[in-house]
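Just below is one structure, and these are the notes that go with it.
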Amino acid sequence: AKEAGRARMTLYDPSMDADREQRNALELDLRMAIESGDLTLAYQPLIDAASYAPTGVEALVRWNRPGHGPISPEVFIPIAETSGLIESLGLFVLRKACETAKQWPELNVSVNVSPGQFRNPAFADYVRYVLKQTEVEAGRITLEITEGYMIQNPQRTRQSIERLKALGVKVALDDFGSGFSSIGYLRQFGFDRIKIDRSLVMGVNEDKRQREMLQATVALARSLDIPVTAEGIETEEQAIAMRLFGCDCLQGYLFGKPMTADLITEMLHARHAA
Ligand code: C2E
Ligand code: CA
Ligand code: CA
Ligand code: CA
C-alpha cells in the first residue's frame with residue numbers, strides 16, 4: 001500500500017495543474033482587487049434583544065470578481081491568508097469600516113480580524129494608526145476574532161487583546177461553540193462579547209438535545225459575565241429562544257441581511273421618522 005501511495009504521488013495528474021492554475025488566477029485577481037480598491041463592505045444590523053432596536057453593524061467584505069461574479073469571503077479570505085494578502089486586505093477593511101462608522105454616531109461597528117492579522121505583533125499599532133487617521137471613537141469599534149486562533153495561541157492572544165483594549169477598542173470572540181471551547185481560561189482574555197456560532201443557533205428548534213446544547217453554551221458564556229450575541233437568526237422562534245437563554249444581542253437574516261452603507265443609513269432614518 002505504501003508503494004502504491006508513493007507511485008500515485010509521482011503520477012502526472014493534469015487536474016492538479018488546472019486547480020493550481022485556477023488558484024493562481026484567483027490570487028492574482030484578488031491582489032489586483034485589493035490594490036485598486038475593488039473590494040467593498042456590506043453591513044449587517046446587530047439588534048438589541050429587548051427592544052429590537054439596531055445597536056450596531058458587522059462589516060463583511062465583498063468581492064465581485066470580474067468575469068466571475070461575487071466570490072464568498074469563505075473562499076477568498078483563506079487564500080488571502082496563505083498568499084500574504086491578508087494584511088493589506090485587513091487594513092482596507094478596517095480603514096473603510098472606521099471611515100463609514102462616522103456616518104452612524106449611534107452605532108457600534110464590528111470588524112472581523114483574521115488570524116494572519118492578529119498574529120502580527122504590530123497589529124495593535126496599525127489599529128491605533130487607523131483610529132487616529134479616521135478620527136473615529138475607539139469605543140465604537142469591536143474587533144471580532146475567532147475561537148480557533150485563540151485556542152492555538154492563548155499566550156499571544158492574551159497579549160494582543162491587552163494592547164487592543166488599551167487603545168479603547170472592544171474585542172469579541174467570534175464563532176463560539178463551533179469548535180473546542182476552553183472555557184477554563186476564557187475569562188482571563190477579557191473579551192467584551194461572545195458570539196454564538198450560527199451552526200448552533202440553527203439547531204435551536206431541531207431537537208431537544210441540540211436545544212440543550214445551545215442553552216448550555218450560552219449559559220457557559222454568561223457564567224463569565226460577558227454579554228452574548230446570537231448570530232444567524234432566521235426565524236422568530238430562534239429569536240425568542242435566544243433571548244430567553246440570555247442573549248442581549250441578535251443578528252441574522254430575520255432582522256436584515258448584509259447591505260450597503262446607504263441602506264443602513266436609510267434604515268436609521270426610517271426608524272427616526274417612525
Ligand atoms: P462570520 O464572521 O461568522 O460572519 C457571519 C456570516 O454569516 C456572514 O457571511 C453573514 O452574511 C452570514 N449570516 C448572517 N446572518 C445569517 C443568517 O441569518 N443566515 C445565514 N445563512 N447566514 C447568515 P459572509 O459575509 O459570507 O462571511 C463569511 C465569513 O467570512 C465570516 O463569518 C468571516 O469569518 C469571514 N469574513 C467576512 N468578512 C470578513 C472580513 O472583512 N475580514 C475577515 N478577516 N473575515 C471576513
Ligand atoms: Ca464575525
Ligand atoms: Ca461568526
Ligand atoms: Ca462564521
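Take the chain, compute every pairwise Cα distance, and split them into 10 Å bins from 0; I just need the percent in each bin.
All Cα pairs, binned at 10 Å, distribute as 6, 26, 32, 23, 9, 3, 0, 0 percent.
Relative contact order of the chain, please, whole-number percent, based on alpha carbon pairs below 8 angstrom and at least 6 residues apart.
The normalised contact order for the chain reaches 17 percent.
222 nm [θ] for the chain, helices only, -39500 (n - 2.57) per DSSP H run of 4+, per residue, to 500? Write out the running numbers ahead of the final one.
On the way: 13 runs with 139 residues, N = 274.
Using -39500 (n - 2.57) per qualifying helix, the result is -15000 deg cm²/dmol.
Quick one: angle between helix 236-245 and the longest Cα principal axis of the chain, in degrees between 0 and 90, rounded to 10, please.
On a 0 to 90 degree scale, this one is about 70.
So what is Rg over Rh here for the stretch 210-274, counting just Cα atoms and using Kirkwood for Rh?
Details: Rg = 14.4 Å, Rh = 13.3 Å.
Value, to two decimals: 1.08.
Compactness ratio of the stretch 1-147: Cα Rg over 2.2 N^0.38 Å, N = residue count?
1.33
Excluding residues on the same chain fewer than 8 positions from Lys132, give the lysines whose Cα lies under 20 Å from its Cα.
Within the straight-line limit of under 20 Å, Lys132 reaches these lysines: Lys96, Lys102, Lys165, Lys170.
What number, in percent, do you get for the relative contact order of the stretch 130-212 if the mean sequence gap of Cα pairs under 8 Å and at least 6 apart is divided by its residue count?
Relative contact order of the stretch 130-212: 28 percent.
In debye, nearest 20: dipole of the chain around its Cα centre with unit charges on the Cβ of K, R (+) and D, E (-)?
680 debye
Charges only on Cβ, +1 for Lys and Arg, -1 for Asp and Glu: so what's the dipole of the stretch 71-218 about the Cα centre, in debye to the nearest 20? Numbers along the way, then the final one.
Working: 19 positive and 18 negative charges, 77 e Å.
With only Lys, Arg, Asp and Glu charged at Cβ, the dipole is about 360 debye.
Can you work out the accessible area per residue across the chain, with the rest of the protein chains kept in place, probe 1.4 Å, in square angstrom?
On the way: 14520 Å² over 274 residues.
Result: 53 Å² per residue.
Using a 1.4 Å probe on the protein heavy atoms, what percent of the accessible area of the chain belongs to carbon and sulfur? Show your work: numbers first, answer last.
Numbers: 7780 of 14520 Å².
With neighbouring chains kept in place, the figure for the chain is 54 percent.
The values are calculated or read from the model by the stated rules, or taken from the named source; none is laboratory data. These figures come from a predicted structure and were not determined experimentally. Here the Cβ is made from the backbone with ideal geometry for all residues, glycine too, and neighbour counts use every protein chain on show. Accessible surface is based on the protein model in full, side chains and every heavy atom, while ligands, DNA and RNA are left aside. Shrake-Rupley method; radii C 1.70, N 1.55, O 1.52, S 1.80 Å.
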